[in-house]
1. Among the residues of the stretch 118-131 satisfying the criterion of being within 30 Å of Glu24 (Cβ to Cβ) and open to solvent by 10 Å² or more (accessible area, probe 1.4 Å), which is farthest from the chain's Cα centre (by Cα)?
2. Just to be sure, is Ser100 modelled with pLDDT of 95 or more and among the polar types (S, T, N, Q)?
3. What number of residues in the stretch 47-71 are charged (D, E, K, R) and within 19 Å of Gly224 (Cα to Cα)?
4. Restricting to the stretch 215-226, name every residue that is modelled with pLDDT of 90 or more and under 13 Å from Pro245 (Cα atoms).
5. Looking at the stretch 65-117 only, could you name the residues that are open to solvent by less than 20 Å² (accessible area, probe 1.4 Å) and part of a loop (DSSP other than H, G, I, E, B)?
6. So which of Leu157, Leu142, Leu123 is part of a loop (DSSP other than H, G, I, E, B), at pLDDT 95 or above and touching a helix residue (DSSP H, G or I) at 6+ places or on another chain (Cβ under 7 Å)?
7. Return the only residue of Ile248, Ile291 being among the aliphatic types (A, V, I, L, M), in contact with a strand residue (DSSP E or B) (Cβ under 8 Å, 6 or more places away or on another chain) and modelled with pLDDT under 95.
Amino acid sequence: MGNWQLSQISSYVQSKPRFEMSEELHRQWESEQASLKLRLVDSDTEAWQRSPSFSGLQRVGGVDLSFIKGDDVNACAQLVVLSYPEMELLYEDCRMVTLSAPYVAGFLAFRETPFLVEAVQRLESETPSLLPQVIFVDGNGLFHYREFGLACHLGVLTGLPCIGVAKNLLQVQGVENSERHKEQIKELRNRGDTFPLEASSGRVLGKALKSSDRSTKPLYVSVGHRISLDTALRLTTACCKYRIPEPIRQADIRSREYLRKHFPEGSEEGATAGRERERDGLQGSGASNGIKKVNKNCSL
């Protein structure tokens, strides 16, 4: 993408189209979710998942989409692959993309997944030896309105194990930000454990996790595909230097740095948001510490 296209994106912020969700499209997406859900596997499928030390796990991936401030159509889609357990960057793919689907609660996957699947496919085609053995997704998996969130969608379409890690509570299926939930968070801060996210039906859709000693807010972890909840929790904890698992943290940092470089006028953060990102390990430019050689696939 050339400079004239960069200028087009900047001006597009002011004249972006409004999307509308029709009943027909809603039904179509619900049907596709239900069809894909039939292929979902919510148990361990790999030998390394059953190992207490994850023996055999060498590569973990993370994905993220970051948006230009004031623009919910143009975004930077980022895939990173890190070595395990060192958490050193092996590969990154970042592309500016234009989202054609509207944001509708419960259907985020139809808006973001196509670009993430394409990133995984590019890696598999160009450098298959670096394909991640598991992908951390900044979003929910089974903890979802219809138990098929972004992490499930990406996992089923790529065939890779996926873990959903959400930073904020999705109030769904009877799980609410109630006084009881707030009390559980307080208890979690003190004892550093987990508590279940239990639907009205009694089904456990995920768990809240205190991921590091420094964190004051929980993560909400759920199965995406081809992994059990217990294994997802263990691996999430193992991949956390800060509150956010390192694969997602690196994807977030790099996509935001990319936007700051190419769209500085649209990348400002408020002081409060900045302090919170610093506590989560998402602030600053130290993403490449200790990295000597990286396979990059980044373009506008």
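The values are calculated or read from the model by the stated rules, or taken from the named source; none is laboratory data. From a predicted model like this one, the values you see are computed outputs, not experimental measurements. For neighbour counting, all protein chains shown are included, and Cβ atoms are generated from backbone atoms with ideal geometry for every residue, glycine included. Just the protein is used for accessible areas: all its heavy atoms, side chains included, with ligands, DNA and RNA removed. Shrake-Rupley method; radii C 1.70, N 1.55, O 1.52, S 1.80 Å.
1. Initial filter on the stretch 118-131 (within 30 Å of Glu24 (Cβ to Cβ)): 118-121.
Checking which are open to solvent by 10 Å² or more (accessible area, probe 1.4 Å) leaves us with 118, 121.
Details: Glu118: 15, Gln121: 17 Å.
So the residue we want is Gln121.
2. Numbers: modelled with pLDDT of 95 or more: no; among the polar types (S, T, N, Q): yes.
Answer is no for this residue.
3. Restricting attention to the stretch 47-71, the residues satisfying the condition of being charged (D, E, K, R) are 50, 59, 64, 69, 71.
Filter again for within 19 Å of Gly224 (Cα to Cα), leaving 50, 59, 64.
The total comes to 3.
4. Filtering the stretch 215-226 for residues modelled with pLDDT of 90 or more gives 217-226.
Within the stretch 215-226, Pro218, Leu219, Tyr220, Val221 meet the criteria.
5. Result: Ile68, Asp71, Val73, Met87, Leu99, Ala101, Pro102, Gly106, Phe107.
6. Leu142
7. Numbers: Ile248 fails: modelled with pLDDT under 95.
Being among the aliphatic types (A, V, I, L, M), in contact with a strand residue (DSSP E or B) (Cβ under 8 Å, 6 or more places away or on another chain) and modelled with pLDDT under 95 holds for just one of Ile248, Ile291, which is Ile291.
For (1) touching a helix residue (DSSP H, G or I) at 6+ places or on another chain (Cβ under 6 Å); (2) hydrophobic (A, V, I, L, M, F, W, C); (3) closer than 24 Å to Pro245 by Cα, each residue gets a yes or a no:
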position: Glu23; (1), (2), (3): no, no, no
position: Ser35; (1), (2), (3): no, no, no
position: Leu40; (1), (2), (3): yes, yes, yes
position: Glu46; (1), (2), (3): no, no, yes
position: Leu57; (1), (2), (3): yes, yes, yes
position: Asn74; (1), (2), (3): yes, no, no
position: Glu88; (1), (2), (3): no, no, yes
position: Pro114; (1), (2), (3): no, no, yes
